[in-house]
């Protein structure tokens, strides 16, 4: 499993790209890094790219919320998920999109520019 994390300070955007099988340990490290960025820079938007090489979540992982999740939920502007449509329902369910205080939208992989525009526009016009 590879998770690449980039911070685009000029856009107040965290970009996370995932491949392989996502493990709980890797997810926890990534979430902690995002939380540290939020502590340093305030509320941020997140673009999650489920790359073509992504396989699935680790079936043996325990995926309940951890201590950092409450902080993240309060400090995310919006989340855009970018990936093949076969991941759409699982990704939206995983991120509990209907119950979060911020918007979560799913975009096909060829619409990264649109996803970024949506995040930037929504950050300029928060709900």
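The values are calculated or read from the model by the stated rules, or taken from the named source; none is laboratory data. None of these values were measured; they are calculated from a predicted model. Heads up, the Cβs are rebuilt from the backbone with ideal geometry, glycines too, and the neighbour counts pull from every protein chain shown.
Considering only the range 24-54, how many residues are within 23 Å of residue 121 (Cα to Cα) and surrounded by 15 or more Cβ atoms within 10 Å (Cβ to Cβ)?
Residues that pass the stated criteria total 11.
Given the structure, is residue 31 part of a helix (DSSP H, G or I), at pLDDT below 95 and in contact with a strand residue (DSSP E or B) (Cβ under 9 Å, 6 or more places away or on another chain)?
Taking the combined requirement at face value, the residue does not satisfy it.
Please indicate, with yes or no, whether at least one residue in the range 88-103 is in a strand (DSSP E or B), under 23 Å from residue 2 (Cβ atoms) and modelled with pLDDT of 80 or more.
no
Does the range 11-22 contain any residue that is touching a helix residue (DSSP H, G or I) at 6+ places or on another chain (Cβ under 7 Å), touching a residue at least 24 places away in the same chain (Cβ under 8 Å) and either surrounded by fewer than 15 Cβ atoms within 10 Å (Cβ to Cβ) or assigned to a helix (DSSP H, G or I) (or both)?
Yes, there is a match, as at least one residue in the range 11-22 is touching a helix residue (DSSP H, G or I) at 6+ places or on another chain (Cβ under 7 Å), touching a residue at least 24 places away in the same chain (Cβ under 8 Å) and either surrounded by fewer than 15 Cβ atoms within 10 Å (Cβ to Cβ) or assigned to a helix (DSSP H, G or I) (or both).
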